[in-house]
Each structure stands twice: as C-alpha cells, then as structure tokens.
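Data first, discussion second: the structure below is written as structure tokens.
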Amino acid sequence: GVVAAVLGPELTGMLIHEAFGHLAESELLGQCPALEALVNPGRRVGAECLNIVDDPTHYRLPGSCSWDDEGTRGTRAVLVSGGVVRNRLHTLSTAAEAGATPAGSARAWGAGSIPMARMRCTILEPGQGGRDDLLEALGQGVYLKGCLGGATDMDRFSIIAESGWTVRRGRLDRPLGPVVVTGSVFDILQAVSGVGGDLEISGNIAGCGRAGENAIPVSYGGPHVMVSGIRVG
C-alpha cells in the first residue's frame, strides 16, 4: 500500500531519472501534449526543497560531455528549482521552438543517428542532514535502498528497490526483501518532504534507453530523501 518512507541515495537518483528526467526531454514530451502542459516552466511540481539539475560536467562519470552532438557546449541545466519547473532538455531545434537556450543535451547513440534531447547526469541536489535525521523525522514507515532497475511510461513509473526495513520510532526494525515502488511522477514529487545532504552519484555505462531508441550512457544521483507517501508492493 501507500506508506511514508526514507529512500537511499541510489534509489533517489533512479527515481528522479525515471520519474522526472524523461519528462524533461523535449522531444518525448512532444508526443503527449497533455503531459507537456504539466511540466511547463513555471509550474510547481513539489516542495521548495526539490531542486533537480542535469549537469554534464561530472567528467569522470558516464553521460558527461564538454560539447553535445550538435556542437553546443555542455552546461548545467536547472530543471526544477524550489519545487518549480524552470527548464527542459533541448536540441537546437526544440530550443528554437520554445525560445529557450540549449545546454548541450543533444545526444546521438552512434554515427549517422539523429541527435535527440536526452539526459546526461541528472541529480536531485542535496539539502541538509543525513539518513538518521530523516529516519527520526519519519518515525514510522519503511526505509528503502539500492536499485535493481526501473522503467517509466510517460507519467507512471516502476522501480525495484534492492532491500529495505520497516521503521519504528525512528529506527530500523525488520528487514524486507526487494520491494517494487510504483506511482505517478507528480504524486511522488509532491510527496518529497525532506532532503538530506549526503549526495551520491551513480554511473550507468550500459545506458538509458527510450522506446524505439538505443541506450546511451547516463549518470544519476541524489541524497537520502523522505517522502510522505509512496506505493510499495
């Protein structure tokens, strides 16, 4: 059912990648006008503690780049700031249509393929405190960590947490096996109620794929976060 939870950094990173990152890719949104309206710049999607960036300057990690495949310099793109959508990921073409400034997000999976707006290194920026602070604030619920994989279908996502524990009185109680986390992108973003300061970033050289498109290397990350409600099974 729906429970309050603290999520570990790797799970947080995958959640941000799958649940929000794909919706920031302009060409993917163009296939669904209803969703496009939901992530328009200026729209609030979460609390003020929610800050999401796509930053290609982590040069030792997969997805980093100094220049994209259209010759645009790779720079840090602020996607969400203070819980409000600020930008999307663009190619030169989608940036011109939106009147936006491209940040070097046009990526091609191989020679001869057309560059498309794709994630590079997508991060939920850290706040303050650590896991134990969030567990104490949670009181009762579950703690989930690690990630065995995830997928998204427009505004819906499904992610498998590697392991977890029940939480009682702010402390880990009973262990759980792998847990499937599902839900709506916008519900989970609005449920984020606390963000820790212990940022971790994971690289995936095998890459991230989209329907009908080849996988390209990416990285994702975040700190421990607390959510007021998430559906687990």
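The values are calculated or read from the model by the stated rules, or taken from the named source; none is laboratory data. Here the structure is a predicted model, which means the values were calculated and not measured. Note that we place each Cβ from the backbone using ideal geometry, even for glycine, and neighbour counts take in every protein chain shown. Only protein heavy atoms, including side chains, enter the accessible area calculation; ligands, DNA and RNA are left aside. Shrake-Rupley method; radii C 1.70, N 1.55, O 1.52, S 1.80 Å.
Go through the range 95-133 residue by residue and tally those that are out of contact with any Leu (no Cβ under 9 Å at 6 or more places or on another chain) and either farther than 30 Å from Val232 by Cβ or modelled with pLDDT of 95 or more (or both).
Final tally of qualifying residues: 20.
In the range 198-233, how many are open to solvent by less than 40 Å² (accessible area, probe 1.4 Å), over 30 Å from Ile114 (Cβ atoms) and of a type outside the set (Val, Ile, Thr)?
5
Let's see how each residue does on (1) of a type in the set (A, V, I, L, M, F, W, C); (2) out of contact with any Cys (no Cβ under 8 Å at 6 or more places or on another chain); (3) open to solvent by less than 20 Å² (accessible area, probe 1.4 Å):
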| position | (1), (2), (3) |
| --- | --- |
| Glu27 | no, yes, no |
| Gly42 | no, yes, no |
| Ile52 | yes, yes, yes |
| Arg60 | no, yes, no |
| Cys65 | yes, yes, no |
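If only one of Ala111, Ala100, Ala96, Ala151 is open to solvent by 20 Å² or more (accessible area, probe 1.4 Å), part of a helix (DSSP H, G or I) and not charged (D, E, K, R), which one is it?
Ala96
Among the residues in the range 166-176, are any surrounded by 18 or more Cβ atoms within 10 Å (Cβ to Cβ), of a type in the set (S, T, N, Q) and in contact with a Gly (Cβ under 9 Å, 6 or more places away or on another chain)?
The answer is no, given that none of the residues of the range 166-176 is surrounded by 18 or more Cβ atoms within 10 Å (Cβ to Cβ), of a type in the set (S, T, N, Q) and in contact with a Gly (Cβ under 9 Å, 6 or more places away or on another chain).
Please work out which residue is farthest from His90 (Cα to Cα), limiting yourself to the range 49-75 and to residues that are assigned to a loop (DSSP other than H, G, I, E, B) and among the β-branched types (Val, Ile, Thr).
So the residue we want is Thr57.
Being in contact with a Cys (Cβ under 9 Å, 6 or more places away or on another chain), more than 20 Å from Ala103 (Cα to Cα) and open to solvent by less than 50 Å² (accessible area, probe 1.4 Å) narrows it down to one residue among Gly74, Gly46, Gly8; which is it?
After ruling out the rest, the residue left standing is Gly8.
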